[in-house]
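Taking it in order: structure first as structure tokens, then the write-up.
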There are 2 protein chains.
Amino acid sequence: MMKTTTKAAAKKLAANPRQGKRRTKEPAVRGSRTGRPVMVLLDLLGRRWTLRILWELRERSLTSRALREACDDASPTIVQARVVELRDTGLLELNPAGGYGLTATGQELLATLLPLHQFAERWRRQ
Amino acid sequence: MMKTTTKAAAKKLAANPRQGKRRTKEPAVRGSRTGRPVMVLLDLLGRRWTLRILWELRERSLTSRALREACDDASPTIVQARVVELRDTGLLELNPAGGYGLTATGQELLATLLPLHQFAERWRRQ
DNA sequence: CTCCTTTGCTACAATAATCGTAGCGACATG
DNA sequence: CATGTCGCTACGATTATTGTAGCAAAGGAG
């Protein structure tokens, strides 16, 4: 019934090594079959919690748990799934010292999203 | 199980008057209980097809069907639901002459999203 | 006034995505 | 060893999204 799907973000990981290196399999982004970068990006950002996660990491790194709390205590399942996607697409990374943070590319993206803050304020006042 | 929900975008509309004026009920946006404008906005945009719909309307109005086709033939159910949300939040409107188009506010929002196009291009090349 | 097409919109069952709660193994500290 | 945190997963329950059909209200052509 679906046209294309992220076959299943991540299948199974052997065990639980404190830090699991991201394996490079499934594209992680379903992306409107055209493959046009913008569409792929819009699709990626248009998934629940993705924008929020990026936003919460805009000026600091957060541990997996802190990140969940920052996102209104979102389900660990989905936050983890989003983190995997964002890592696979090179926007986010797990710091060697621990905690998640934006990559250089991720910060570039966030820079283009920052104006949303101002817009939101104007928007609120109709 | 849910913390907050869009009780059900729209229940039932009496009949099918060619153009149904949006009724003002449910907030339409669940928005991370904090109520902070940015969060509400991120939540709204973080729903499937929302960003895409706005994007497709960036430089032209489209009829409901044309809009669906532009969005990779997304399900009419979901496109309609998103359109309702976007109308309720004043970002999109149904032109008297027919077809959906961005409101002034909607265009403001889109203006802040346009840079995503350039980013996406850079992003593609890693 | 019919026939025909388009428009905005809905119903419905099936499927996929998301949610909550619980918990694992690895590692560090006391 | 006992305790705590870390990144991460399992799994049943609940929503959200998908596809397919189709309705009623205009509008146009004949």
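The values are calculated or read from the model by the stated rules, or taken from the named source; none is laboratory data. Here the structure is a predicted model, which means the values were calculated and not measured. Virtual Cβ from ideal backbone geometry, glycine too; neighbours counted across all protein chains shown.
Being within 12 Å of the chain's Cα centre (by Cα), within 13 Å of DNA strand D (Cβ to nearest atom) and of a type in the set (S, T, N, Q) is the filter here; which residues of segment B:65-94 pass it?
Within segment B:65-94, B:GLN80 is the sole residue that qualifies.
Quick test of your reading of the structure: A:TRP49 fulfils all but one of (1) within 12 Å of DNA strand D (Cβ to nearest atom); (2) farther than 14 Å from B:ARG47 by Cβ. Name the failing condition by number.
Result: A:TRP49 passes all but (2).
Considering (1) touching a residue at least 40 places away in the same chain (Cβ under 8 Å); (2) more than 9 Å from every other protein chain (Cβ to nearest Cβ); (3) not aliphatic (A, V, I, L, M), say which one A:THR89 fails and leave the rest.
(2)
I need a count of the residues in segment B:98-126 that are assigned to a loop (DSSP other than H, G, I, E, B) and more than 9 Å from DNA strand C (Cβ to nearest atom). Reasoning before the result, please.
Initially, segment B:98-126 is screened for residues assigned to a loop (DSSP other than H, G, I, E, B), giving B:98-99, B:103, B:114, B:125-126.
Still in the list and also more than 9 Å from DNA strand C (Cβ to nearest atom): B:103, B:114, B:125-126.
Of the residues in that region, 4 qualify.
Within segment B:50-59, how many residues turn out to be more than 7 Å from chain A (Cβ to nearest Cβ) and among the hydrophobic types (A, V, I, L, M, F, W, C)?
Number of matching residues: 3.
Report yes if some residue within segment A:8-26 is on the phi > 0 side of the Ramachandran plot, modelled with pLDDT under 95 and away from DNA strand C (no atom under 11 Å from the Cβ); otherwise report no. Steps first, answer last, please.
Kept after step one, since they are on the phi > 0 side of the Ramachandran plot, are these residues of segment A:8-26: A:8.
Add one more test, that the residue is modelled with pLDDT under 95, and what stays is A:8.
Subsequent filtering for residues that are away from DNA strand C (no atom under 11 Å from the Cβ) retains none.
Looking for residues that are on the phi > 0 side of the Ramachandran plot, modelled with pLDDT under 95 and away from DNA strand C (no atom under 11 Å from the Cβ), one finds none in segment A:8-26, hence no.
How many residues does segment B:27-62 hold that are hydrophobic (A, V, I, L, M, F, W, C) and modelled with pLDDT under 95? Can you show your working first?
Filtering segment B:27-62 down to residues hydrophobic (A, V, I, L, M, F, W, C) leaves B:28-29, B:38-42, B:44-45, B:49, B:51, B:53-55, B:57, B:62.
Those left that are additionally modelled with pLDDT under 95: B:28-29.
Going through segment B:27-62 one residue at a time, the tally reaches 2.
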